[in-house]
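Computed from the coordinates by the stated procedures, all read-outs in this text should not be read as laboratory data. Bear in mind that the values here come from a model prediction, so they are computed numbers and not experimental data. Because the Cβ atoms are built from the backbone with ideal geometry, glycine has one as well, and the counts that use them run over all protein chains shown.
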Amino acid sequence: MALNSVWNAVQGWLDQKGDTEGHAESVRGYTTKTVTIALNGSLSTEVDLEGYALAGLHMPADWTAAVLTFQSAPISGGTFYNVYDDQGNEVTVQAADDRAIGVDVAAGALASWRFLKIRSGTAASAVNQAAARVITLVLKG
């Protein structure tokens, strides 16, 4: 199902529930932010998640095949570190183009981090994107 179809279904549900503004955040405390991975790049811009937890990702069309991994910094613009879980595994999300992805498993390992970047590929094997890619983060407040 294309992201447009998913979004239209959500909008229809919101309309039935009487949400006159049509914003998911007004119903369940959700909002969205975006990050961009530049042309021929593998690491996104920084996003500040203050007050929110990562709940999902909307992947762009034509994504160059790669998993997603994450970096975190203690302050905005600070030194970013690869994010690992408590077992020493790099936090990874299986990604593909043009889909919505729930991040339940990864969300626990990412819950403590305020400033994040998203990587195409892993720390050991980053994957450059063939065009600039915008990833939409679905956040729960």
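Side notes on the structure shown:
- Inter-label distance for residue 100 and residue 122, nm, one decimal - labels placed 7 Å from Cα along Cα-to-Cβ: 3.0 nm
- Neighbourhood charge, 13 Å Cβ-Cβ cut-off, centred on residue 43 and excluding it, Lys, Arg +1 and Asp, Glu -1: +2
- Ratio Rg/Rh, restricted to the range 29-140 and using Cα atoms, in which Rh is the Kirkwood radius: 0.92
- Around the Cα centre of the range 29-140, unit charges on the Cβ atoms of Lys, Arg, Asp and Glu (plus for the first two, minus for the last two) sum to a dipole of about 160 debye.
- Computed lengthening from residue 75 to residue 136, 0.36 nm per intervening residue step minus Cα-Cα distance: 19.8 nm
- Full-stretch length increase - residue 84, residue 53 - with 0.36 nm per residue and alpha-carbon distance subtracted: 9.5 nm
- Net +/- balance of residues flanking residue 114 in space, Cβ distance below 9 Å, scoring K and R +1, D and E -1: -2
- For 118, 101, 37, order by how many other beta-carbon atoms lie within 10 Å, fewest first: 101, 118, 37
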